[in-house]
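First up is the structure itself, then whatever we jot down about it.
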Amino acid sequence: MRKKIIVGNWKMNNSNIETLSLLDELLKCNFSKKVRIIVSPSFTQLSLVSEKLKKSNIEVASQNMHSANKGAFTGEVSSLMIKSSDVFISILGHSERRTYFNETNEVLKEKVDQAIKENIEIIFCVGEKLSDRKSKNHFEYIKHQLEKTIFLQSKDSLRNIIIAYEPIWAIGTGETASPEQVQEMHLYIRNLISKKYNTILANSVSILYGGSVKPSNANDIFSQPDVDGGLIGGASLNSKDFAAIVNAL
Ligand code: PGA
């Protein structure tokens, strides 16, 4: 059975005090026990958040990491540093990293290699631009992103990667992909895994959807057979909305 997962991507939001009060609210929420819940604060708050959530069943992920363990990379954060904050999961390949920070598939391949080497679980994001969808190139685009990165990994490594499909045109825009569009892409990704590796593996990889998920649309999206959860941006900053989304899964 595939794991059901909701990840809250807090992006570059909230001071330490605001994060602590969000955590207090989250710790009071009644979350469904069937769902694996992960939150992803900024680097500066990783220790704070992992300490505060230590006794809860909410896990913590970083939003990014560098591909080297250490060295002259001013402003960067390594997997060893993340691990020393008791964090063992990282989002990689978010479209905001790809778009604003030039993270190409080649850069991401190195980060994926490093995460696997360091036993960091990966939440790997893929997603097409609106122009790709309009020109009906979206399937090829996603295939290319996967083939140049996580599909270069072994079967055993892929088994521990969570994939997040996040169409760029739906992130933070209020525009959600329709449940049919989401299902179609998730099934496409699963079939690619099946062809490249095998069906058992394809059926065990969790594929999350991200892009303007809200309490009002979560049910419809999560009811699709190949959707195993969500990567939630804006709505994860509000504990009530986040709990409603978790409990819709
Ligand atoms: P959004 O962001 O839910 O605010 O659209 C999703 C994401 O970027 O992961």
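All of the numbers you see were taken from the coordinates with simple rules; none came from a lab. All values derive from a computational prediction rather than experimental measurement. Using ideal geometry, Cβ is built from the backbone for each residue, glycine included, and neighbour counts are taken over all protein chains shown.
Computed values, structure above
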quantity	calculated
Unit Cα scatterers, Debye sum, region 102-148: log10 I(q)/I(0) for q = 0.24 Å⁻¹	-0.88
Computed P(r) (all Cα pairs; region 56-151; 5 Å bins; percent)	3, 13, 23, 22, 17, 10, 7, 4, 1, 0
Amide H within-cut-off set for residue 91, under 5 Å, with H built and near neighbours excluded	62, 63, 64, 123
With eigenvalues of the C-alpha gyration tensor scaled by 5 and rooted, the chain, Å	25, 23, 17
Restricting region 1-101 to chymotrypsin sites (Phe, Trp or Tyr not before Pro) in coil, as DSSP defines it, with at most 11 other Cβ within 10 Å	73, 101
Trypsin sites (Lys or Arg not before Pro) lying in DSSP loop within region 121-193, provided at most 13 other Cβ fall within 10 Å	136, 159
Region 103-249: radius of gyration over Cα atoms, expressed as a fraction of 2.2 N^0.38 Å	1.02
Taking N as its residue count, the alpha carbon Rg of region 132-177 over 2.2 N^0.38 Å	1.38
Environment charge at residue 108 (Cβ cut-off 9 Å; Lys +1, Arg +1, Asp -1, Glu -1)	+2
Calculated over region 1-50: convex hull of Cα atoms, volume per residue (Å³)	81 Å³
Structure-based [θ]222 nm, the chain - -39500 (n - 2.57) summed over DSSP H runs of at least 4, per residue, nearest 500	-11500 deg cm²/dmol
Per-residue ³J(HN,Hα) for region 147-162, Karplus 6.51 cos²θ - 1.76 cosθ + 1.60, θ = phi - 60°, Hz, x for Gly and Pro	5, 8, 10, 6, 6, 8, 8, 6, 4, 5, 6, 4, 4, 9, 10, 9
Charge tally in the Cβ shell below 15 Å around residue 24, where Lys, Arg are +1 and Asp, Glu are -1, residue 24 excluded	+2
Vicinal HN-Hα couplings computed from phi for region 176-187 (Karplus, 6.51 cos²θ - 1.76 cosθ + 1.60; Hz; Gly/Pro x)	9, 5, 6, x, 5, 5, 5, 4, 4, 6, 4, 5
Filtered GluC sites (Glu not before Pro), region 100-198: DSSP coil and at most 13 other beta carbons within 10 Å	175
Cβ-based net charge around residue 132, under 12 Å, with every Lys or Arg adding one and every Asp or Glu removing one	+3
Phi to ³J(HN,Hα) by Karplus 6.51 cos²θ - 1.76 cosθ + 1.60 over region 63-68, Hz, x for Gly, Pro	8, 5, 6, 8, 8, 10
Region 1-116: equivalent-ellipsoid semi-axes (sqrt of 5 x gyration tensor eigenvalues, Cα, Å)	25, 17, 13
